[in-house]
Amino acid sequence: MLRLAGSTNNFVSDFPTATNGYPSTIITSLSHSPAAAEEEALMSSRDGNDLQQDIYKVFVGSWNVGGISPPEDLDLRDWLDVLNNDGAGSPSPDIYVLGFQEVVPLRAGNIILGSSENHGNYTVPFRWNSAIEAALNNDGAEEHYDCLVSKQMVGIFITVWVKRNVRSHIRHTAVSSVGCGLMGCFGNKGSVSVRFYVEKTSFCFVCSHLASGGKDGDERFRNANAGEIMSRTNFPRRSAHLRNLPRKILHHDRVVWLGDLNYRIYLPETTTRFLVQKGEWNVLLEKDQLKAELTKGRVFEGWQEGRIQFPPTYKYCPSSGLYYGIESGPAQRPKPSKGCDRVIWFGDGLKQSQYERRENQLSDHRPIRAIFTAQVDKLSPP
């Protein structure tokens, strides 16, 4: 029953055949050209003088929803920037990539048996997709978005939405899931990754929930989770003619990692609260575990993160703006305050224009969002 370290599909709950317009596990826009010819077009040299590029706007959002199912009246328009469109006159995103953590409570039954076996949790991702569709395709929307792919592994859920006129430019969609929670294989912690091509450029988005824990040294478990995800994520080959499509995370042209990474701010909660009130972001970042581990070369070597100018996203009283953090320990060994939710990226061709949190109070986390412009190599005309 158990799929251990070699597998990348640990305890993944696939959706059934869609009955309400949403995808099952995956919806792929297929090319009409022969596979061999398509592979040659995708893999041909990009160094020629006739290379042409497009610019796509990509929205990446992450939210740990604390096992709370979305209420029917949940309004996601602010988080998804539907109302403001990133500033007056700015175009709406071409692609939305939204990652959730703890879409179901991380109880033993959900972790071991899978959410499809327990109390209607199987329908929770459909509810989130309904709320997303209501926000993106509202009555005043000028663009229509379709769901390209959705995938759930226990509490981790990723869903990708694209403009209808962009859909024909997307192909070779695939997913890969890695469980590295209980016993090193269960899906209470781990990742669900999505790969696809936009024209001639490959994208990979990794939605993860890494190990928790606030003790000194617990960051090593988070580092280990990230390493496991890097090594075990493996996108399937669907055709012998497409054998050269990238299979590993870092083999893709544009890579974004999002989620509840669980790295902490290693300061007493009272100190963190004071620095947040003063807006001393640089001081907070000096004590940020993820930044420290990056600097030491222990994890995410070569990855980038935008400038953080927002408070920690955890921990809040649900349905409240009250940040209660955790109690500090003895002065010589302060317990770390929480930080957690992040978006980072790897490689060239991505430029971040926005990185911020929003104030939706559904759970004890606040959602975050990052907006990128992405360079995309155009396919040569037939």
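Quick notes on this one:
- Exposure of K287 as accessible area (Å², to 10), given a probe of 1.4 Å and all protein chains: 100
- Model label points for L322 and T270, set 7 angstrom from Cα along the Cα-to-Cβ axis, are 1.9 nm apart.
- For segment 264-322 versus segment 125-148, the gap between their alpha-carbon centres in whole angstrom: 32
- Placing a label point 7 Å from the Cα of R167 along the Cα-to-Cβ direction, the residues of segment 132-161 whose backbone N falls under 13 Å of that point are 144-149, 161.
- Largest to smallest accessible area among L362, L106 [probe 1.4 Å]: L106, L362
- Using a probe of 1.4 Å on the protein chains alone, the accessible area found for T373 is around 50 Å².
- Residue pairs, from the table K200/K248; K163/K189; K57/K278, whose Cα atoms sit over 27 Å apart: K163/K189; K57/K278
- When T123, T201 are compared by accessible area at a 1.4 angstrom probe, the order from most to least is T123, T201.
- Over segment 164-313, relative contact order from alpha-carbon pairs under 8 Å, at least 6 apart, %: 19
- Summing charges over all other residues whose Cβ lies under 12 Å from the Cβ of V65, with Lys and Arg as +1 and Asp and Glu as -1, gives -2.
- Modelled label positions at Q354 and N137, each set 7 Å beyond Cα in the direction of Cβ, lie 2.2 nm from each other.
The values are calculated or read from the model by the stated rules, or taken from the named source; none is laboratory data. As the structure is a computational prediction, the values presented were derived from the model and not from experiment. Note that we place each Cβ from the backbone using ideal geometry, even for glycine, and neighbour counts take in every protein chain shown. These accessible areas exclude ligands, DNA and RNA; they are computed on the full protein's heavy atoms, side chains included. Shrake-Rupley method; radii C 1.70, N 1.55, O 1.52, S 1.80 Å.
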